[in-house]
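Here is the structure we will look at, set down as structure tokens.
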Amino acid sequence: MASHTRVMSPAWGAYWMPRALHPLAWWMWALGLTVAASRTTNPLLLGAILGVATWVVLGRRSDAPWASAFRIYVIAGALVVGIRVVFRIVFGGAQPGHVLVRLPEIPLPDVAAGVNLFGAVTAESLLSGFYDGLRLATMLICLGAANALANPRRLLRAMPPALHEVSTAVVVAISVFPQLAESVVRVRRARKLRPGGIERRLSALRSVVVSVLEDAMDRSLLLAASMDSRGYGRSGNRSRATTVLSGACMVAGLAGMAIGAYALLDGTAPRQLATPVLIGAIALGVVGIALSGKGVERTCYRPDQWRLAELVTAGSGLAAGMLLTLTTRIDPSNLNPSIQPLTWPQLSWLPVAGILAALMPAFLTPAAANVEAATPV
């Protein structure tokens, strides 16, 4: 009897082999979602972005210690929403609308004219604070998703040689939460193995905090020593003329990008000036980076490569950001629900399609390899 078993091709089977994706692909995906979240205050769309980010993180994160940092960002996002709502209650008493509760108003001196403490709490003020806080929390959680999915050490290794000083500081800064999460896991595991009685909650919290901070500091010093032994932070052999020329190109490029971006966003500026200045500034910046990178003596063992899965990941996140930006110009009312008067948030197919496109990495990329924690710097 003839067998009808479907045989997977070697190339297609190799695509689904568990591996760690390029860290820049995850960051481009997360930045695309962050841009999408910054373009709307619609709670339905922001909830969809949160759902997509959480789904991808749960489906594609590894068992590395920094992957557990995502919950810290979720907690921080919830605190952001709560703080924004509390600020609206404390300082939003003068906003008109449907009064929910009346709090005693505290009079302030004339120097604080226009600021009210407490007073009538309206549904409009609470929703305004909730919408703003939810947008900021969504942006924070999207960046936390990148931290949970991308190995910070591999991200440092993928930076261009010309930006090794800046990239070292940036990677160390964004890896603070993953480092703390890893330290918390190590300290809790050590405390469970320690014999003795159960400590009181306050004293146990004090000992855990001190141990976590000490462990994080020790590991940061080890990481700094490891980076120094591999050449990070060294200028290499560059002539003075190359240094001056690359610096001039970088400064001129940054100034031109600032002017071009301002002219592009300003409706009164001529369109014929904004685009050429921005393109020329970007070209100058690229030339400056190329000249600056020639004198940096830095090697990379087994550099990460861009493959189809990386293109799918980065492209899906960028598509979400571009579609939400496009919807801002076509249908801004559905992206920012009205507070005065109160209206129920509406949805349109274009932003929803963009957000759902960012869900592709959860289905069309290989699973994470659980050996990423051992990847060297």
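The values are calculated or read from the model by the stated rules, or taken from the named source; none is laboratory data. Keep in mind the model is a prediction, meaning the values are calculated, not measured. Reconstructed Cβ throughout: ideal geometry from the backbone, glycine too, with neighbour counts over all protein chains shown.
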TODO: Any residue in segment 176-190 that's assigned by TED's automatic domain parsing to the domain that holds VAL209 and farther than 13 Å from PHE70 by Cα: show its pairings with residues that are small (Gly, Ala, Ser) and at pLDDT 65 or above at Cβ separation under 7 Å, as long as the two are six or more apart or on different chains.
DONE: SER183/ALA216; VAL185/SER68; VAL187/SER211
Open item on the list: Report every pair of residues separated by at least 6 positions or lying on different chains whose Cβ atoms are under 8 Å apart, first residue within segment 320-346 and more than 28 Å from PRO361 (Cα to Cα), second in a helix (DSSP H, G or I) and small (Gly, Ala, Ser).
Closed with: ILE339/SER128; LEU342/ALA123
